[in-house]
Amino acid sequence: MFEQPGCIYCAAWNAEVAPEYPLTEEGKAAPLRRLQLRDPLPEGISLVSPPVFTPTFVLVEDGVETGRISGYPGEDFFWPMLAQLVARAGQGGDQD
C-alpha cells in the first residue's frame with residue numbers, strides 16, 4: 001500500500017478495511033506492506049509504473065508487480081477488486 005500523510009482516502013481505508021484485512025483470505029494471501037509514496041522503492045521491487053496517487057495497492061510476487069488497485073473506491077468495491085487481483089495472481093494471469 002502506497003500512502004502519504006494527509007491522504008483522506010488512506011484514512012478511510014484504515015478505518016474501514018485495515019482492522020479486518022489481515023483476517024481475510026485475501027489479506028493472508030497478500031500481506032500488507034506500507035510504503036510512502038515519495039520514498040524510494042525497497043531493493044528488489046519492480047513496478048510496471050510508479051504510483052501517482054494514494055492509496056495505491058500493488059500486488060507483488062517475487063519482487064515483480066502482478067497487479068494494482070489505484071485509489072480507494074470504498075469498502076464495497078475494494079474487497080471484490082482485491083479478491084479478483086489475488087485470484088488472477090494465483091492463476092498466473094495478466095493484470096489490467
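Observations, loosely collected:
- Annotation for GLU20 and GLN4: the two label points, set 7 Å from Cα along the Cα-Cβ direction, are 3.0 nm apart.
- Rounded, prolate or oblate (a/c below 1.5 giving rounded, otherwise prolate when a/b exceeds b/c) for the chain by Cα gyration tensor: oblate
- Which of ARG88, ARG34 has the fewest Cβ neighbours within 10 Å, and the rest in rising order: ARG34, ARG88
- Theoretical ellipticity at 222 nm over the chain - DSSP helices of four or more residues, -39500 (n - 2.57) apiece, nearest 500: -9500 deg cm²/dmol
Computed from the coordinates by the stated procedures, all read-outs in this text should not be read as laboratory data. Bear in mind the structure is a predicted one, so any value in this text is a computation, not a measurement. Note: ideal-geometry Cβ built from the backbone for every residue, glycine included; neighbour counts use all protein chains shown.
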